[in-house]
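One structure is given here, and the rest of the page talks about it.
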Amino acid sequence: MHKTSLFSQNVAISILVSFTGCALLYIALIGPIIAALAVLILALTLMVVAERTGKVEHLYRALACHQGKSLTVIIVFVLILPLILSNNYLLHVAVMGGIYSIVALGLNFQVGTGMVNFATAAFFGTGAYTSALLAINFGLSPWLTTVFGMVAAASLGIIFGFPALKTRGYYLSLITMSLQIIFTLMIINTSWLGGPNGIPNIPAYSLGATSLRMPIIIFGMDFPYQANYLYLVYSLLGLAMFVALRLHNSRTGLAWNAIEQDEIVAITQGINLTKSKLLAFALGAAFAGLAGGLYGHYTSFIGVEDFDFSKSLVFICMVLLGGMDNPLGVVLGALMLTIIDEKLRDFADYRMLMYSVILIIILLARPQGLLPKRIRIYQAAKSIVNLKI
Amino acid sequence: MSLVLSQIINAVMLGCTYSLVAIGFSLFFGVMDVVVFCAGDVAIFGAFSIMALVGIVFLQPILDAVFPHYVTIFLLVSLSSVTTAFLMLLMYRIVIKPFEGKSPLMPLLSTIAAGIALSELIGIFYPQGRNPQAFPQLLPSDVMIPGIMLSERNLIIILATIVLVTMLYWFVNKTKLGLSIQAVSQNKEAAIMIGINRQLSITITFLIGGLILGIGGFLVASYSNIVRFDMGAMYGLKGFSAAVVGGLGSIYGAIVGGMLIAFIEVFVSAFIPGGTAYASIAAFLVVVIFILFRPEGIIGEKTVEKV
């Protein structure tokens, strides 16, 4: 096969795949609940078919060679999203999907190290509360307080990570569950944290003199304020994704996976267990803290029910649905679950039931998730192109 | 003095209910090496099934007319605990058996999910299931000794636990089936090799565990007078904590752990000013400290990991 024809074929594939992904997400977002579930099932079927026929390796290779093109498709899709979405509510769903994706990416660091952390919502909440309280009580700029929120969450992550050095498996899960419940109870019992009433009137981000909570006008067209946050959240998600992918492909990510496979073998290979585990917790918590800050300054209200145990479970659900230890899959899982969750808003009584049933079905039928984790290829993408297929 | 005494009785009662759930966790962990997180929800399902039985018109009056009141209660509780026993078996089939030999975190997640699904189903299908329900007072609550809260109900809760634990002790140590369960939990391969039917042992363990959980649910509902559909998660977590603090896999450890957690909770809320809100926090802190510094529990042998 000629190099040039292969090249153009790969370009077409990478553009097509990313376009299909965006289109499916868009259909799920605008359609009714049935459409969202259908998209999920369709995506799973496509993946299974691609895996069975061996096409999936080809797709991944094409995507790896032409990341720039598929990235362009996704960026254009996010940029025009406010244009093609008919109402503000759907934009709001998209923003929430972005925020939760950042949290799920953070949780993925710990899951990739073999530590299922049930306290993610506590990190998310620490970021949100720190940022909100500093902005309200001291009048600091929300940009600055979000950074403080990240730092606070990362510190909490290190504290919560210490038990991981001594225990693992069930015991670690029980500790994180206990800490999550202690966190929730402490917030309810502490009056200056808002107690059960939450914190209202959290200031919004502002650029210069314009608050992001004001509608914007671009090229003479009116956009609702959610569009501001959409661009902000998705650019931060892009940054988070970049960091996560770089880490995943680095020696740090490799060390994390080695620990997940077998701790004792990892130690004999010279991996510093303390450093790796604490880093996974601190970084994951920092991601969650960033998302928490964004959440607080976006919705302008935070309450304790946004950060309780069931929320932690939802984050685990997102990571499992997307595919443990595959950053792209985790983001897709988070987006899909957020969309399905918002569609179920009318049937609020059934939400937790749906989450638990989805979790059981994934575990039974496809424990590796939508996009399973990949074996690393440690060569430059260019050299793979030259391989004859 | 009478305050301390009545608090001790209170703590013993709470400890009894925690111990029963902890025993369930320990039984399942012993035989399958999995943490069955839906145990608390199964227990609360037991309490709701009793309420449903009492709710059936004429059932209780007819039974009361035929039998003495205690026999009626016994029949109702037996019926509901048989239900929970089979529910537990169903849970085993759906969310535990498929994950045998896979990562231990999968059954952990699937049982948590199953527990939530169960409690949500109660919330959806039980009439006004999302509101707290007053649990019918089946046990007489006459105060026997005034001043120290020793009512008939409290005595029955404590006695029922003692009887149950004794029967379990007899079953596990004196019957062939019980010994085969012990053999499976000590060494799976060796047990199969000497001709023990492992599948049967597991099935029996889940049935017995479910039975104990059903009775535990009835006792905890009688103790607190109010049941909520989502009570099971917290109840299960306390029971699991008790099992871990006592020593996972040991029945005696489960009782010791249950009592310890209950005493901490009751005494923090009774004797520390404003402590009621922090009772659960104190209990969970103790659990964290225990796991960190004595992960094998109060009763339990230290296991050294083999490569």
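Restricting attention to the stretch A:96-123, the residues that are part of a helix (DSSP H, G or I) and more than 12 Å from the chain's Cα centre (by Cα) add up to 6. Residues that are more than 9 Å from chain B (Cβ to nearest Cβ) and modelled with pLDDT of 85 or more were ranked within the stretch A:341-361; the one that is farthest from the chain's Cα centre (by Cα) is A:Ile361. Return the residues of the stretch A:136-170 that are without any contact (Cβ under 8 Å) to a residue 40 or more places away in the chain, aromatic (Phe, Trp, Tyr) and surrounded by 20 or more Cβ atoms within 10 Å (Cβ to Cβ); say none if nothing qualifies. If the condition is that a residue be without any contact (Cβ under 8 Å) to a residue 40 or more places away in the chain, aromatic (Phe, Trp, Tyr) and surrounded by 20 or more Cβ atoms within 10 Å (Cβ to Cβ), then A:Tyr170 is the only one that fits. Do we have B:Leu260 as surrounded by fewer than 24 Cβ atoms within 10 Å (Cβ to Cβ) and farther than 29 Å from B:Ile122 by Cβ here? When the stated conditions are applied, B:Leu260 passes them. Taking the stretch A:163-172 as the range and being at the interface with chain B (Cβ under 9 Å from one of its Cβ atoms) and either among the small types (Gly, Ala, Ser) or touching a Gly at 6+ places or on another chain (Cβ under 6 Å) (or both) as the test, only A:Gly169 passes. Among the residues examined, B:Val66 qualifies as more than 22 Å from B:Gly40 (Cβ to Cβ) and either hydrophobic (A, V, I, L, M, F, W, C) or touching a residue at least 60 places away in the same chain (Cβ under 8 Å) (or both).
Determine if the stretch B:126-141 includes at least one residue that is part of a helix (DSSP H, G or I) and out of contact with any strand residue (DSSP E or B) (no Cβ under 9 Å at 6 or more places or on another chain). No; the residues of the stretch B:126-141 include none that is part of a helix (DSSP H, G or I) and out of contact with any strand residue (DSSP E or B) (no Cβ under 9 Å at 6 or more places or on another chain).
On the basis of being within 21 Å of A:Ile361 (Cβ to Cβ) and surrounded by fewer than 18 Cβ atoms within 10 Å (Cβ to Cβ), does A:Val76 make the cut? Taking the combined requirement at face value, the residue does not satisfy it. Can you say whether B:Leu90 is more than 29 Å from A:Gly112 (Cα to Cα), in a helix (DSSP H, G or I) and at pLDDT 90 or above, as far as the supplied structure shows? Judged against the criteria, B:Leu90 is a match.
This table checks each residue for (1) in a helix (DSSP H, G or I); (2) surrounded by fewer than 24 Cβ atoms within 10 Å (Cβ to Cβ).
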| position | (1), (2) |
| --- | --- |
| A:Glu260 | yes, yes |
| A:Ile271 | no, yes |
| A:Thr274 | yes, yes |
| A:Ala280 | yes, no |
| A:Phe287 | yes, no |
| A:Ala291 | yes, no |
| A:Leu294 | yes, no |
| A:Val319 | yes, no |
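For every residue, the table says whether it meets (1) among the β-branched types (Val, Ile, Thr); (2) surrounded by fewer than 21 Cβ atoms within 10 Å (Cβ to Cβ).
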site: B:Leu14; (1), (2): no, no
site: B:Thr84; (1), (2): yes, no
site: B:Arg93; (1), (2): no, yes
site: B:Phe99; (1), (2): no, no
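Against the definition (over 29 Å from A:Phe347 (Cβ atoms), part of a helix (DSSP H, G or I) and without any contact (Cβ under 8 Å) to a residue 40 or more places away in the chain), how does B:Leu109 come out, yes or no? Taking the combined requirement at face value, the residue does not satisfy it.
For the stretch B:195-238, taking the residues that are of a type in the set (S, T, N, Q) and touching a residue at least 12 places away in the same chain (Cβ under 8 Å), the one that is farthest from B:Ala279 (Cα to Cα) is identified as B:Asn197. Only one of the listed residues (B:Gly257, B:Gly253) is assigned to a helix (DSSP H, G or I), under 22 Å from A:Pro163 (Cα atoms) and away from every other protein chain (no Cβ under 12 Å). That residue is B:Gly257. Among what's in the stretch B:110-131 and is more than 7 Å from every other protein chain (Cβ to nearest Cβ) and polar (S, T, N, Q), pick the residue that is surrounded by the fewest Cβ atoms within 10 Å (Cβ to Cβ). Checked the stretch B:110-131; the qualifying residue surrounded by the fewest Cβ atoms within 10 Å (Cβ to Cβ) is B:Gln128. The residue that is surrounded by the most Cβ atoms within 10 Å (Cβ to Cβ), among those in the stretch A:321-357 that are among the aromatic types (Phe, Trp, Tyr) and more than 18 Å from A:Ile41 (Cα to Cα), is A:Tyr350.
Among all positions in the stretch A:228-238, there is at least one residue which is within 25 Å of A:Ile84 (Cβ to Cβ) and over 19 Å from the mean Cα position of the chain (by Cα). For the stretch A:173-184, the set of residues classified as within 24 Å of the chain's Cα centre (by Cα) and either within 8 Å of chain B (Cβ to nearest Cβ) or modelled with pLDDT under 90 (or both) consists of A:Ser173, A:Leu174, A:Ile175, A:Met177, A:Ser178, A:Leu179, A:Ile181, listed by residue number.
Among helices (runs of 4 or more DSSP H) entirely within the stretch A:1-78, having at least 3 residues that are within 17 Å of A:Thr338 (Cβ to Cβ) singles out A:3-30, A:33-53.
In the stretch B:265-296, what residues are under 22 Å from the mean Cα position of the chain (by Cα) and either in a loop (DSSP other than H, G, I, E, B) or away from chain A (no Cβ under 13 Å) (or both)? Listed by number, the residues that qualify are B:Val266, B:Phe267, B:Pro295, B:Glu296. The single residue among B:Ser224, B:Ser241 that is under 25 Å from B:Ala117 (Cβ atoms) and either within 11 Å of another protein chain (Cβ to nearest Cβ) or of a type in the set (Lys, Arg) (or both) turns out to be B:Ser241.
Among the residues that make up the stretch A:185-200, is at least one of them at pLDDT below 90, farther than 24 Å from A:Asn137 by Cα and away from every other protein chain (no Cβ under 14 Å)? Checked against the condition, which is being at pLDDT below 90, farther than 24 Å from A:Asn137 by Cα and away from every other protein chain (no Cβ under 14 Å), the stretch A:185-200 yields no hits at all. Do we have B:Ser78 as away from chain A (no Cβ under 14 Å), assigned to a helix (DSSP H, G or I), small (Gly, Ala, Ser) and loosely packed, with under 14 Cβ neighbours inside 10 Å here? Against the criterion (away from chain A (no Cβ under 14 Å), assigned to a helix (DSSP H, G or I), small (Gly, Ala, Ser) and loosely packed, with under 14 Cβ neighbours inside 10 Å), B:Ser78 qualifies.
The values are calculated or read from the model by the stated rules, or taken from the named source; none is laboratory data. Only a predicted model underlies this, so the values are computations on that prediction, with no experimental measurement involved. Positions of Cβ are generated from backbone atoms using ideal geometry, with glycine treated the same way; all protein chains shown enter the neighbour counts.
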